[in-house]
């Protein structure tokens with residue numbers, strides 16, 4: 001984003017420590033917003049996720065991009081902490097224009113290609129709490145402040161479009177349910193928010209080059225193409241800033257209500273708004289996964305980015 005289209009707006013990125021949440025927070029900041037960044041990992045406290053990224057780092061990136069970043073340690077499974085967060089936002093700014101619900105942190109809990117009777121039950125249920133309960137708790141406390149002014153925006157971040165997930169099993173009953181639930185949640189919230197001139201939608205990144213994904217392949221953002229030797233289809237991947245630009249574009253759109261209740265992707269929104277990833281490309285990951293990877297064709301991103 002090259003203009004301060006969100007100057008004066010106050011946003012909350014719940015789950016903004018790393019990955020898509022960090023990318024969204026930074027791009028909202030680049031558009032001029034004040035962004036509250038929440039998560040469980042700070043410079044003094046590390047969550048069970050055991051990653052090095054912190055909410056303070058994200059807040060600093062928001063400020064460096066042109067916005068105002070405010071880091072607040074919050075466990076979104078604890079209602080009292082979320083309620084206190086909203087009380088603080090009301091006290092400090094008196095408004096909340098954008099809520100981005102990107103809370104997750106469950107990668108270490110699910111077991112790929114494992115039926116429910118073989119999957120660790122405790123881990124699976126914990127995954128659902130992290131991926132579903134947190135979103136509902138956050139919505140419960142934030143939306144009353146959001147609807148006090150017309151034009152509010154709620155973005156539920158998930159994995160996969162509704163169309164893709166309806167046709168594809170996401171390799172674990174717990175993971176599948178968590179991600180589909182968030183999409184349905186956005187649809188339901190859209191119904192409740194419409195009378196208040198507020199918009200809710202579900203947004204998914206494509207194959208995300210998150211910090212965790214780069215570490216998994218033993219590469220960095222500068223050397224990510226080295227991972228293509230292991231997984232050729234990783235060629236369609238995108239940075240977290242791409243989905244960040246998608247959310248910032250919707251938030252800046254005076255006609256954003258057209259997306260209410262829908263499930264959209266970073267690549268799909270890029271076609272509408274004309275933004276690109278940081279390298280100038282425009283990856284359309286979900287169409288690629290459907291038409292190339294899942295179809296068993298050789299990796300070739302021609303026409304897809």
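The values are calculated or read from the model by the stated rules, or taken from the named source; none is laboratory data. Keep in mind it's a predicted model, so treat the numbers as computed, not measured. All Cβ positions, even for glycine, are placed from backbone atoms using ideal geometry, and neighbour counts span all protein chains on display.
Summary of computed values
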{"quantity": "Scope region 193-212; condition part of a helix (DSSP H, G or I) and touching a residue at least 12 places away in the same chain (Cβ under 8 Å); matching residues", "calculated": "193, 194, 196, 211, 212"}
{"quantity": "Residue within region 215-224 that is at positive phi and loosely packed, with under 13 Cβ neighbours inside 10 Å present", "calculated": "yes"}
{"quantity": "Failed criterion for residue 169 (all others in (1) at pLDDT 95 or above; (2) in contact with a helix residue (DSSP H, G or I) (Cβ under 8 Å, 6 or more places away or on another chain); (3) surrounded by fewer than 21 Cβ atoms within 10 Å (Cβ to Cβ); (4) outside any helix (DSSP H, G or I) hold)", "calculated": "(1)"}
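This table checks each residue for (1) free of Cβ contacts under 8 Å to residues at least 24 places away in the same chain; (2) within 16 Å of residue 31 (Cβ to Cβ); (3) in contact with a helix residue (DSSP H, G or I) (Cβ under 8 Å, 6 or more places away or on another chain); (4) buried (at least 23 other Cβ atoms within 10 Å of the Cβ).
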position: 236; (1), (2), (3), (4): no, no, yes, yes
position: 249; (1), (2), (3), (4): no, yes, yes, no
position: 252; (1), (2), (3), (4): no, yes, no, no
position: 261; (1), (2), (3), (4): no, no, yes, no
position: 267; (1), (2), (3), (4): no, no, yes, yes
position: 274; (1), (2), (3), (4): yes, yes, no, no
position: 290; (1), (2), (3), (4): no, no, yes, no
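Results for (1) within 25 Å of residue 84 (Cα to Cα); (2) modelled with pLDDT under 95; (3) surrounded by 22 or more Cβ atoms within 10 Å (Cβ to Cβ), shown as yes or no for each residue.
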residue: 117; (1), (2), (3): no, no, no
residue: 121; (1), (2), (3): no, no, no
residue: 139; (1), (2), (3): yes, no, yes
residue: 148; (1), (2), (3): yes, no, no
residue: 153; (1), (2), (3): yes, no, yes
residue: 156; (1), (2), (3): yes, no, yes
residue: 180; (1), (2), (3): no, no, no
residue: 200; (1), (2), (3): yes, no, yes
residue: 204; (1), (2), (3): no, no, yes
